[in-house]
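K.L.:
Quick one: the structure is below, and I'll ask about it shortly.
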Amino acid sequence: MATVHLRAVSKSYASGASGTTRAVESVDLAIADGEFVVLVGPSGCGKSTTLRMIAGLEDVSGGTISIGECVVNDVAPKDRDIAMVFQNYALYPHLNVRQNLSFGLERRRAFKSCWRGLFDSAYRSKRAGERAAITARVEAAARTLGIEQLLHRQPRELSGGQRQRVAVGRALVRDPAVFLFDEPLSNLDALLRTEMRTELRILHRRLRATMVYVTHDQEEAMSLADRIVVMKDGVVQQVGSPAEIYGRPSNRFVAGFIGTPPMNMIDGTITLDADSTLTFRSACCTLTLPPGRFDLDGLSRGHERPVTLGIRPERLSPAVGESNVSAHANVTGRVVAVERYGASADVVLSASGIRLIARASQECTTQIREGENATMTVDVNAAHLFDSHTGCALARAIRAPNR
Amino acid sequence: MNRATSRVVQYTLLVGGALIMLAPLWWMFVVSLQTPERAAAAVGGTGGVALWPASPQWMNYPQALREMGSVQWQGFLNAFANSIVVTTLVVIGTVLSSSLVGFAFARIRFRGSRALFIIMLGTMMLPGQVTLIPLFILFRHLGWIDSLLPLIVPAFFGNAFFIFMYRQFIAQIPESLVEAAKVDGHSLVAIWWKIILPLCKPVTAICAVFTFIYVWNDFMGPLVYLHSDEQATLAVALNSFRNQYGGLEDVHLLMAASLVTMVPCIVLFVAAQRQFIEGLARGGVKG
């Protein structure tokens with residue numbers, strides 16, 4: 001068990017004849033003891049590089065990484081008390097499952113100890129004791145993961161899910177201070193992935209170990225994490241609990257990256273009218289927004305400011321025809337597609353060339369037909385505003401990106 | 001052409017090729033069983049070609065081994081022991097050093113590794129004869145002449161061709177295996193010994209068989225570095241059947257001794273055949 005602290009950590013590679021590519025830029029992150037932190041972002045965002053720097057598999061170009069109290073920048077991976085699960089499992093193909101699990105525990109048996117065992121009976125019995133302890137740990141880990149019956153098998157005789165379990169088991173037996181996972185589920189099929197996700201969550205609750213997990217799958221991040229770190233182009237965009245990231249995205253990128261289907265984005269302008277009402281105007285709609293939710297300092301009455309309005313699909317309620325419940329919270333357009341999932345359905349609406357997706361329960365959408373007109377009611381209390389230029393959220397009292 | 005015909009053609013070609021390859025060997029075998037006079041005639045081209053000797057002299061074989069070198073039996077046994085020692089150590093040395101260096105070139109990033117690799121490949125272009133004299137002078141300074149050391153020690157410093165083969169093969173092994181072992185607490189040397197070497201079996205088989213055959217049959221090296229009869233290897237000891245003018249006296253004995261000398265190579269090849277051909281095919285595709 002340990003904390004992990006990243007202070008202004010950056011990584012740059014020499015690229016070509018001159019110049020460097022910065023893969024990770026000044027990442028500050030404090031991971032608490034026993035916390036499950038997920039680094040998420042599109043490919044090439046620097047999340048794996050960050051993890052590999054924590055593991056010691058990549059050199060740190062700037063800043064410091066500490067595990068527990070100790071700065072580990074120049075500490076070899078084997079001395080960091082970490083265990084890592086790799087995307088391709090990295091099981092040793094010539095060793096059976098038992099040997100794979102115990103491989104990390106038997107490191108101290110050097111060549112010379114074989115000779116020593118020949119002459120020194122006390123040493124021999126000590127070795128036998130160590131071996132028994134290793135066997136006990138391997139079997140305990142195998143029980144935890146339900147792979148006891150596979151211990152004598154070779155990796156090539158295992159299915160993908162079983163290999164993944166063995167890979168996790170190899171980390172488990174080591175009982176490390178920090179567990180690192182590098183996209184461990186991305187080689188599994190969808191069903192198995194969901195199953196393993198739950199098991200990892202249960203495992204974390206049981207072990208209460210510090211875990212750092214890298215994935216490009218935002219759903220995986222949302223379901224596993226105590227805290228999510230969203231990264232893009234080597235820069236941390238936002239750090240927060242899944243609820244915070246989802247409910248109060250700090251910028252347009254985070255808002256669009258987290259959540260399926262992605263948040264609807266409508267470009268337009270915002271004005272503060274004479275009677276203090278906030279009005280959002282765009283090609284497809286005019287919406288009256290509740291005052292006090294947005295941080296629009298500098299916006300004087302009567303002036304316009306270009307913004308992007310974001311609204312989650314489940315905050316749009318579709319209805320047939322051209323409803324007129326409240327004209328200032330409606331978008332009307334043509335239904336392009338209806339995707340039904342059984343319990344819920346996604347309705348894709350095209351309004352003045354802008355595509356909006358609404359997610360609603362199956363019952364609410366039974367009347368909606370593709371090719372016909374429909375109206376979506378926007379839950380304006382759940383709308384997000386982003387600055388058109390910087391992409392930053394214009395919300396009141398958003399948390400600082402790093403804590 | 002239907003299947004049956006193409007089969008016939010295939011077999012004809014293969015059998016024909018095999019016969020051509022085996023003919024000299026068969027000729028050796030026949031001559032080794034001839035009487036001294038007939039053997040000399042066969043070599044001189046006056047005896048014609050016999051498919052089987054009129055009266056096979058099986059005792060030629062023990063006689064050949066007995067008369068190898070200057071002391072009866074001792075010459076053969078010494079040479080045989082020397083060949084075994086040199087070949088075994090060279091095989092072990094070449095496998096260990098070449099795989100270790102290949103691993104370093106494939107998996108360790110260090111300044112100048114590319115340049116070093118190219119220089120190493122460059123040494124493959126040098127014919128052995130070019131370095132023979134400088135090497136001889138070096139070994140003379142070390143006082144190693146007329147000992148087995150000049151034949152054995154260089155093997156522990158790697159062989160460019162096999163380093164290249166190992167490097168290509170090791171580059172195919174996923175890097176995450178090495179990284180996993182690093183995180184699991186193993187040093188690079190331990191990773192090489194416990195993970196890389198076991199996974200390199202096909203390359204090791206090729207490396208071992210090629211090296212064995214080359215060293216076992218090597219004539220030039222032992223001839224240059226070894227002078228005394230006690231140090232001779234089999235390939236050099238065979239030469240004792242030539243007289244001091246370089247002519248052949250007991251050609252039937254030479255043939256018999258040569259055939260005996262070939263036996264270990266043939267046995268080894270048959271034993272390692274599967275690994276060997278698999279490794280060659282793999283090396284061909286991936287190398």
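The values are calculated or read from the model by the stated rules, or taken from the named source; none is laboratory data. Model, not experiment: these values are computed from the prediction. Cβ coordinates were reconstructed from backbone atoms using ideal geometry, including for glycine residues, and neighbour counts include every protein chain displayed.
K.L.:
Pairs under 8 Å by beta carbon, first residue assigned to a helix (DSSP H, G or I) in segment A:247-275, partner aromatic (Phe, Trp, Tyr) and buried (at least 20 other Cβ atoms within 10 Å of the Cβ), six or more apart or different chains?
P.N.:
A:ARG252/A:PHE386; A:ALA255/A:PHE386
K.L.:
Among the numbered conditions (1) farther than 24 Å from B:LYS194 by Cα; (2) more than 13 Å from every other protein chain (Cβ to nearest Cβ); (3) out of contact with any His (no Cβ under 8 Å at 6 or more places or on another chain); (4) not charged (D, E, K, R), tell me where A:VAL178 comes up short.
P.N.:
The single condition A:VAL178 does not satisfy is (2).
K.L.:
Hey, does segment B:120-143 have a residue that's in a helix (DSSP H, G or I) and either small (Gly, Ala, Ser) or within 14 Å of another protein chain (Cβ to nearest Cβ) (or both)?
P.N.:
First, the residues of segment B:120-143 that are in a helix (DSSP H, G or I): B:120-123, B:128-142.
Next, only the ones that are either small (Gly, Ala, Ser) or within 14 Å of another protein chain (Cβ to nearest Cβ) (or both) stay: B:122, B:128.
Yes, segment B:120-143 contains at least one residue that is in a helix (DSSP H, G or I) and either small (Gly, Ala, Ser) or within 14 Å of another protein chain (Cβ to nearest Cβ) (or both).
K.L.:
If I filter segment B:178-185 for residues that are of a type outside the set (Phe, Trp, Tyr), touching a Lys or Arg at 6+ places or on another chain (Cβ under 7 Å), within 14 Å of chain A (Cβ to nearest Cβ) and in contact (Cβ under 8 Å) with a residue 40 or more places away in the chain, do I get at least one hit?
P.N.:
Yes, because at least one residue in segment B:178-185 is of a type outside the set (Phe, Trp, Tyr), touching a Lys or Arg at 6+ places or on another chain (Cβ under 7 Å), within 14 Å of chain A (Cβ to nearest Cβ) and in contact (Cβ under 8 Å) with a residue 40 or more places away in the chain.
K.L.:
Continuing with the same structure: Tell me yes or no: at least one residue of segment A:287-303 is assigned by TED's automatic domain parsing to the domain that holds A:ASN381 and either within 18 Å of A:SER352 (Cβ to Cβ) or touching a His at 6+ places or on another chain (Cβ under 7 Å) (or both). It would help to see each step written out before you state the result.
P.N.:
Restricting attention to segment A:287-303, the residues satisfying the condition of being assigned by TED's automatic domain parsing to the domain that holds A:ASN381 are A:287-303.
With either within 18 Å of A:SER352 (Cβ to Cβ) or touching a His at 6+ places or on another chain (Cβ under 7 Å) (or both) added as a condition, the list becomes A:287-288.
Yes, some residue in segment A:287-303 is assigned by TED's automatic domain parsing to the domain that holds A:ASN381 and either within 18 Å of A:SER352 (Cβ to Cβ) or touching a His at 6+ places or on another chain (Cβ under 7 Å) (or both).
K.L.:
Okay, moving on. Please indicate, with yes or no, whether at least one residue in segment A:94-114 is within 11 Å of chain B (Cβ to nearest Cβ), modelled with pLDDT of 90 or more and under 24 Å from the mean Cα position of the chain (by Cα).
P.N.:
no
K.L.:
Among the numbered conditions (1) in the same structural domain as A:ASN373 (by TED's automatic domain parsing); (2) at pLDDT 90 or above; (3) surrounded by 15 or more Cβ atoms within 10 Å (Cβ to Cβ), tell me where A:LEU278 comes up short.
P.N.:
Every listed condition holds for A:LEU278 apart from (2).
K.L.:
Please identify the pairs in which a residue from segment B:99-115 that is in a loop (DSSP other than H, G, I, E, B) has its Cβ atom under 9 Å from the Cβ atom of a residue that is of a type in the set (Gly, Ala, Ser), counting only partners at least 6 apart or on another chain.
P.N.:
B:PHE110/B:ALA104
K.L.:
Tell me, which residue of segment B:144-163 that is surrounded by fewer than 20 Cβ atoms within 10 Å (Cβ to Cβ) and not in a loop (DSSP other than H, G, I, E, B) is nearest to the other protein chains (Cβ to nearest Cβ)? Before you say what the answer is, go through the steps one by one.
P.N.:
Of segment B:144-163, the ones surrounded by fewer than 20 Cβ atoms within 10 Å (Cβ to Cβ) are B:144-149, B:152-154, B:156-157, B:160-161.
This time we only want the ones that are not in a loop (DSSP other than H, G, I, E, B), so: B:149, B:152-154, B:156-157, B:160-161.
Values: B:LEU149: 25, B:ILE152: 22, B:VAL153: 22, B:PRO154: 25, B:PHE156: 17, B:PHE157: 21, B:ALA160: 27, B:PHE161: 25 Å.
That would be B:PHE156.
K.L.:
If I ask for residues that are more than 7 Å from every other protein chain (Cβ to nearest Cβ) and surrounded by 15 or more Cβ atoms within 10 Å (Cβ to Cβ), which ones from segment A:76-92 would you list?
P.N.:
Going residue by residue through segment A:76-92, those that are more than 7 Å from every other protein chain (Cβ to nearest Cβ) are A:76, A:79-81, A:85, A:87, A:89, A:91.
Matches in segment A:76-92: A:ARG80, A:ASP81, A:VAL85, A:GLN87, A:TYR89, A:LEU91.
K.L.:
In segment A:115-150, how many residues are among the polar types (S, T, N, Q) and either surrounded by 12 or more Cβ atoms within 10 Å (Cβ to Cβ) or modelled with pLDDT of 90 or more (or both)?
P.N.:
Filtering segment A:115-150 for residues among the polar types (S, T, N, Q) gives A:121, A:125, A:135, A:144, A:149.
In the following step, the residues that additionally are either surrounded by 12 or more Cβ atoms within 10 Å (Cβ to Cβ) or modelled with pLDDT of 90 or more (or both) were identified as A:135, A:144, A:149.
Selection size over segment A:115-150: 3.
K.L.:
Quick check: is even one residue across segment A:45-57 within 13 Å of chain B (Cβ to nearest Cβ), surrounded by fewer than 17 Cβ atoms within 10 Å (Cβ to Cβ) and in a loop (DSSP other than H, G, I, E, B)?
P.N.:
So far as segment A:45-57 goes, no, none of its residues is within 13 Å of chain B (Cβ to nearest Cβ), surrounded by fewer than 17 Cβ atoms within 10 Å (Cβ to Cβ) and in a loop (DSSP other than H, G, I, E, B).
K.L.:
So which residues in segment B:62-86 are more than 21 Å from the chain's Cα centre (by Cα) and free of Cβ contacts under 8 Å to residues at least 12 places away in the same chain, if there are any at all?
P.N.:
First, pick out the residues of segment B:62-86 that are more than 21 Å from the chain's Cα centre (by Cα): B:62-75.
Listed by number, the residues that qualify are B:PRO62, B:ARG66, B:GLN72, B:TRP73, B:GLN74.
K.L.:
Consider segment A:195-252. How many of its residues are aromatic (Phe, Trp, Tyr) and under 23 Å from A:GLY161 (Cα atoms)? Talk me through it step by step, then tell me what you get.
P.N.:
Narrowing segment A:195-252 to residues aromatic (Phe, Trp, Tyr): A:213, A:246.
After this cut, where a residue has to be under 23 Å from A:GLY161 (Cα atoms) as well, the list is A:213.
Number of matching residues: 1.
K.L.:
For A:ARG201, indicate whether it is basic (Lys, Arg), in contact (Cβ under 8 Å) with a residue 12 or more places away in the chain, within 14 Å of another protein chain (Cβ to nearest Cβ) and surrounded by fewer than 24 Cβ atoms within 10 Å (Cβ to Cβ). Steps first, please.
P.N.:
Details: basic (Lys, Arg): yes; in contact (Cβ under 8 Å) with a residue 12 or more places away in the chain: yes; within 14 Å of another protein chain (Cβ to nearest Cβ): no; surrounded by fewer than 24 Cβ atoms within 10 Å (Cβ to Cβ): yes.
No; evaluated as a whole, the condition is false for this residue.
K.L.:
Related question: Would you confirm whether or not segment A:74-82 contains a residue that is in a strand (DSSP E or B), within 19 Å of A:ARG174 (Cα to Cα), modelled with pLDDT of 90 or more and within 21 Å of the chain's Cα centre (by Cα)? Don't jump to the end; show me each part of the working.
P.N.:
So the first thing to find is which residues in segment A:74-82 are in a strand (DSSP E or B), and the list is A:82.
From the residues that got through so far, the ones that are within 19 Å of A:ARG174 (Cα to Cα) too are A:82.
From the residues that got through so far, the ones that are modelled with pLDDT of 90 or more too are A:82.
After this cut, where a residue has to be within 21 Å of the chain's Cα centre (by Cα) as well, the list is A:82.
Checking segment A:74-82: at least one residue is in a strand (DSSP E or B), within 19 Å of A:ARG174 (Cα to Cα), modelled with pLDDT of 90 or more and within 21 Å of the chain's Cα centre (by Cα).
K.L.:
Is it the case that A:GLU195 is assigned to a helix (DSSP H, G or I) and surrounded by fewer than 15 Cβ atoms within 10 Å (Cβ to Cβ)?
P.N.:
Working: assigned to a helix (DSSP H, G or I): yes; surrounded by fewer than 15 Cβ atoms within 10 Å (Cβ to Cβ): yes.
It is true that A:GLU195 is assigned to a helix (DSSP H, G or I) and surrounded by fewer than 15 Cβ atoms within 10 Å (Cβ to Cβ).
K.L.:
Scan B:ALA190, B:ALA205 and give me the residue that is at negative phi, more than 9 Å from chain A (Cβ to nearest Cβ), surrounded by fewer than 21 Cβ atoms within 10 Å (Cβ to Cβ) and hydrophobic (A, V, I, L, M, F, W, C).
P.N.:
Numbers: B:ALA190 fails: more than 9 Å from chain A (Cβ to nearest Cβ).
Result: B:ALA205 is the single residue among B:ALA190, B:ALA205 that is at negative phi, more than 9 Å from chain A (Cβ to nearest Cβ), surrounded by fewer than 21 Cβ atoms within 10 Å (Cβ to Cβ) and hydrophobic (A, V, I, L, M, F, W, C).
K.L.:
What number of residues in segment A:32-57 are over 15 Å from A:VAL230 (Cβ atoms) and not polar (S, T, N, Q)?
P.N.:
Applying the first criterion (over 15 Å from A:VAL230 (Cβ atoms)) to segment A:32-57 yields A:32-36, A:49, A:52-57.
If we keep only those that are not polar (S, T, N, Q) too, we end up with A:32-36, A:52-57.
Total meeting the criteria: 11.
K.L.:
For segment B:161-177, what are the residues that are without any contact (Cβ under 8 Å) to a residue 12 or more places away in the chain and of a type in the set (Gly, Ala, Ser)?
P.N.:
The initial filter retains those residues of segment B:161-177 that are without any contact (Cβ under 8 Å) to a residue 12 or more places away in the chain, namely B:174, B:176.
Passing the criteria: only B:SER176.
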